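A short write-up of the structure that comes next.
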Amino acid sequence: STSINYITTMRNKLKLYDIPLLCWVQAFARDQYRMPSESEMRMQTFFQLTAGCKGISYFMYDADIYPHFTQVIMQNGGTPSSFYYYVQDVNPEVNSLGRVLRYLENNEVRFIPGRTSGVTNPTPSGLTNWTAGAGGDSHIVSAAVGAAESGARKDGVIGLFKDDTGQQYFLLTNMYRGPSLSASAASLSFTITFDSS
């Protein structure tokens, strides 16, 4: 929740000055910081893209340079960690999305809350819940976590974008993650309804 608030705060400030948002994904373990799981790494990466980030780096890469980090992407001697393979899997997806996202202006990023035991999940600090018309998008009528999904962190975020001609785009990101969850174990369904046009 702290990193979500930080990214949205930075996004809002940089938009005022037309400065691109560049972000880091945690890729290390040290002291009180544990290595993110695959689902946590993917959530960090795709949340940042959904918020309009134009560049992503992974911090830290090489343990030979900074030995006080207990785990990084490349362990001592250049041995790949499991995190290396998470990055290897996600980077082609980021590259594919980046071909379009780099030309778009992010108008808004909104939260799509799920439910736990029938109660709506709390909205993270720095985000506002999605409503029809958010970000100037006139085509999305409803956006919700799938009806069969229930649980803490089973939420989404939606980024609303426009290109130079005013064409509207969106990027929907699954926010479900956990310390031991793989990407497949953290999959989540959503339902989006569009207007008749």
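Entry comment: accessible area of the range 61-197 is 54 Å² per residue, from protein heavy atoms only and a probe of 1.4 Å.
Once the Cβ-Cβ distance between Tyr103 and Ala185 is put in as r, and R0 is 22 Å, what FRET efficiency do you end up with, to the nearest 0.05? Approximately 0.05, to the nearest 0.05. Here's how it looks for Glu108: its modeled amide H is under 5 Å from those of Leu160, which are all 5 or more places away or on a different chain. Counting only protein heavy atoms, what percent of the accessible surface of the range 94-175 is carbon or sulfur at a 1.4 Å probe? Here it works out to 51 percent. Taking the accessible area of the range 13-83, probe 1.4 Å, and keeping the other protein chains in place, the carbon and sulfur fraction comes to 56%.
Alpha-carbon geometry of the range 97-167: the Rg and the Dmax are 13.9, 44 Å, given in that order. Applying 0.36 nm per residue to the separation of Ile19 and Ser125 and subtracting their alpha-carbon distance, the gain on full extension is 35.9 nm. Inter-label distance, His139 to Ser117: 4.0 nm, where each label sits 7 Å from its Cα along the C-beta direction. Over the C-alpha atoms of the range 1-158, the Rg to Rh ratio, Rh being the Kirkwood estimate, stands at 1.00.
Run lengths n ≥ 4 of DSSP H only: what is the helix-derived mean residue ellipticity at 222 nm for the chain, with -39500 (n - 2.57) per run over all residues, to the nearest 500? Let's see the in-between values first.
Values: 3 runs with 48 residues, N = 197.
Only helices count here, giving -8000 deg cm²/dmol.
Here the Karplus curve 6.51 cos²θ - 1.76 cosθ + 1.60, taken at θ = phi - 60°, turns the phi angles of the range 189-197 into couplings of 9, 9, 10, 10, 10, 10, 6, 5, 7 Hz, with x standing for Gly and Pro. What is the set of long-range amide H partners of Arg30 at a cut-off below 5 Å, with H atoms built 1.01 Å from backbone N? Placed amide hydrogens put Thr70 under 5 Å from Arg30. A straight Cα-to-Cα reach below 15 Å connects Lys154 with the aspartates and glutamates Glu40, residues fewer than 8 places away in its own chain not being considered. If the segment from Gln88 to Tyr33 were pulled out straight at 0.36 nm per residue, it would be longer than the present Cα-Cα gap by 17.6 nm.
The values are calculated or read from the model by the stated rules, or taken from the named source; none is laboratory data. Everything quoted here is computed from the prediction, not taken from an experiment. Please note: Cβ atoms are built from the backbone with ideal geometry, for glycine as well, and neighbour counts cover all protein chains shown. The protein model used for the area step is the full one, side chains on, heavy atoms only, and it has no ligands, DNA or RNA in it. Shrake-Rupley method; radii C 1.70, N 1.55, O 1.52, S 1.80 Å.
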